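**Q** Here it is, the structure in full.
The values are calculated or read from the model by the stated rules, or taken from the named source; none is laboratory data. Quantities reported herein were computed from a predicted structural model and do not represent experimental measurements. Ideal geometry is used to build each Cβ from the backbone, glycine not excepted, and the neighbour counts take in all protein chains shown. The protein model used for the area step is the full one, side chains on, heavy atoms only, and it has no ligands, DNA or RNA in it. Shrake-Rupley method; radii C 1.70, N 1.55, O 1.52, S 1.80 Å.
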Amino acid sequence: MSAQQVAPTRMALQMYKGKLLGAKKGYELLKKKSDALKARFRKIAKQIHELKQVMREDAATAFFSLTQAAQYVAGDFRGKVLDTPRPAAVRCRARTDNVAGVKLPVFESYETGSEAKDNIGLAGGGQKVGQCRDKYKAWVENLIKLASLQTSFVTMDEALKVTNRRVNALENVTIPRMEGVISYINRELDELEREDFTRLKKVVEKKREAAAREQALKNELAAANKLLETDEALAASAAVSGGDDTMLDEFDTQEQGDVYF
Amino acid sequence: MDESGKLIAIIGDEDTVTGFLLAGVGHRTVNTTNFLVVKNDTTVSQIEDAFNRLTARDDIAIVLINQHVANEIRHLLGSYSKTIPTVLEIPSKDVPYDPEQDYIMQRINMMLGAGQS
């Protein structure tokens, strides 16, 4: 692991603490984004599901009305429709919708106003042809809605994958690695501190020992001096108080004799 | 006339294409069309060609394709990865729509099914 390459200093520790904080914040935010996307994703999936059912019915009615119009009322106009040159009257424009920073394309249909004026059904069944046209228009509307949903679905699927990958990478790789680095630095710093402490203790001990030895030496010296002094003093006093003692002795006995007897 | 919007392309049988053209989706210019009518004698390579041509154009936003036609070029659809144009499978008159064959529907069913269990 990269923890071994980090210098175990307080500065690096501070730096990694900051990084860890950032990673955690990022993880939370990404998690939120992923949740938001997931919620939207489900909604879209459900909408697609429903719209596909609607589309099936749309298709059925549209085909039915076309068959009615072409086969029984207006004669077969399919070839004529297919061969008529025309610009598109229904187009769609793409708008983007933003969900948690993911851009989703949304198609909107609009008519250019160049309504085709082919003379189909002039001889009869014009109303049926018109109905058929309306049916197909409704179908196209729904299909465009469905297309935007489907595009969103695909885009969102992609975005969701990327976000989830990031969330997992932060949760399972980046954050544990930073925590590992921080604990490594802490351990190393503690170790250094303990080393320092022991060293200090040792120094203090040595100093104390030295002081004690010195003190002992001093004491001995002092004691010797004192001994010497007292010896001298004793000798001197003995010399001085020789006569005094005898005098006092005599005095005492005399006094005592006086008082007690 | 407003040309900024994008077109909807159609690959399908005669009825489908006619209907959409009637609704005003078709766009025919001198040398290109945005639709292909698949008849009984249309070959798979023609469909493939049309699909590739339509999806390569940048003025097309949606490609509608009949499901039975889509089944013919399933290999192309499977490897199709662009978001725009969107390929949408639609039912045709003769063949009822089967959601099981649409890969988006497969995904959705799987997801919703997995979500509910």
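**Q** Output the residues belonging to the range A:41-56 that are among the basic types (K, R) and either in contact (Cβ under 8 Å) with a residue 40 or more places away in the chain or in contact with a helix residue (DSSP H, G or I) (Cβ under 8 Å, 6 or more places away or on another chain) (or both).
**A** Answer for the range A:41-56, where residues must be among the basic types (K, R) and either in contact (Cβ under 8 Å) with a residue 40 or more places away in the chain or in contact with a helix residue (DSSP H, G or I) (Cβ under 8 Å, 6 or more places away or on another chain) (or both): A:R42, A:K46, A:K52.
**Q** Can you confirm whether B:F20 is modelled with pLDDT of 80 or more and assigned to a helix (DSSP H, G or I)?
**A** No, not satisfied.
**Q** Looking at A:L82, A:L37, A:L104, can you tell me which residue is modelled with pLDDT of 80 or more and surrounded by 13 or more Cβ atoms within 10 Å (Cβ to Cβ)?
**A** Numbers: A:L82 fails: modelled with pLDDT of 80 or more; A:L104 fails: modelled with pLDDT of 80 or more.
Only one candidate qualifies: A:L37.
**Q** Anything in the range A:141-179 that is within 21 Å of A:K33 (Cα to Cα) and in contact with a Pro (Cβ under 9 Å, 6 or more places away or on another chain)? List them, or say none.
**A** Residues satisfying the conditions are A:T151, A:S152, A:T155.
**Q** Additional query: Taking the range A:2-40, which residues are within 11 Å of A:I182 (Cβ to Cβ) and in contact (Cβ under 8 Å) with a residue 60 or more places away in the chain?
**A** A:A3, A:V6, A:P8, A:A12, A:L13, A:Y16, A:K17, A:K19, A:L20
**Q** Is it the case that some residue within the range A:161-169 is open to solvent by less than 30 Å² (accessible area, probe 1.4 Å) and modelled with pLDDT of 75 or more?
**A** Yes, the range A:161-169 has at least one match.
**Q** Also, quick follow-up: Run B:D41 past the list (1) within 14 Å of chain A (Cβ to nearest Cβ); (2) surrounded by fewer than 14 Cβ atoms within 10 Å (Cβ to Cβ); (3) at pLDDT 75 or above and report the number of the one that doesn't hold.
**A** B:D41 satisfies every listed condition except (1).
**Q** Output the number of residues of the range A:175-191 satisfying the condition of being open to solvent by less than 100 Å² (accessible area, probe 1.4 Å) and in contact (Cβ under 8 Å) with a residue 60 or more places away in the chain.
**A** Residues flagged as open to solvent by less than 100 Å² (accessible area, probe 1.4 Å) and in contact (Cβ under 8 Å) with a residue 60 or more places away in the chain within the range A:175-191 amount to 11.
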